[in-house]
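The values are calculated or read from the model by the stated rules, or taken from the named source; none is laboratory data. Predicted model, so just to flag it, every value in this text is computed and none were measured. Every residue, glycine as well, gets a Cβ built from its backbone with ideal geometry; the counts of neighbours run over all protein chains shown.
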Amino acid sequence: MLRQFLGDTPTQDQLALLELRLAAVGLTPAEAIPLIAPLLNLPLWAGYPPSALSPEQRRRRLLAPVLSGRSAQLIKLGERS
């Protein structure tokens with residue numbers, strides 16, 4: 001599902017697209033990108049250092065939007081691509 005979120009966007013543009021889509025659903029890219037980019041095998045820009053959170057903390061942060069109801073918004077944005 002996450003890969004569909006980016007569609008056929010060229011690799012060099014995928015992180016920028018991810019930023020836009022996360023912001024569109026009310027997530028802060030600065031917080032979400034370091035958690036999501038590694039799952040998509042996307043390199044992080046200098047502005048996004050790797051997450052210093054423990055694996056359990058990363059898991060909780062990733063699940064928070066799903067549990068708050070934002071997952072439906074993420075799915076809808078992925079379907080638009």
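Within region 32-68, the set of residues being surrounded by 14 or more Cβ atoms within 10 Å (Cβ to Cβ), out of contact with any helix residue (DSSP H, G or I) (no Cβ under 8 Å at 6 or more places or on another chain) and either polar (S, T, N, Q) or modelled with pLDDT of 85 or more (or both) comprises P34 only. Taking (1) modelled with pLDDT under 80; (2) among the charged types (D, E, K, R); (3) in contact with a Phe, Trp or Tyr (Cβ under 9 Å, 6 or more places away or on another chain) in turn, R21 satisfies each apart from (1).
Inside region 20-31, residues that are outside any helix (DSSP H, G or I), in contact with a Pro (Cβ under 9 Å, 6 or more places away or on another chain) and exposed (fewer than 14 other Cβ atoms within 10 Å of the Cβ) make up a count of 1.
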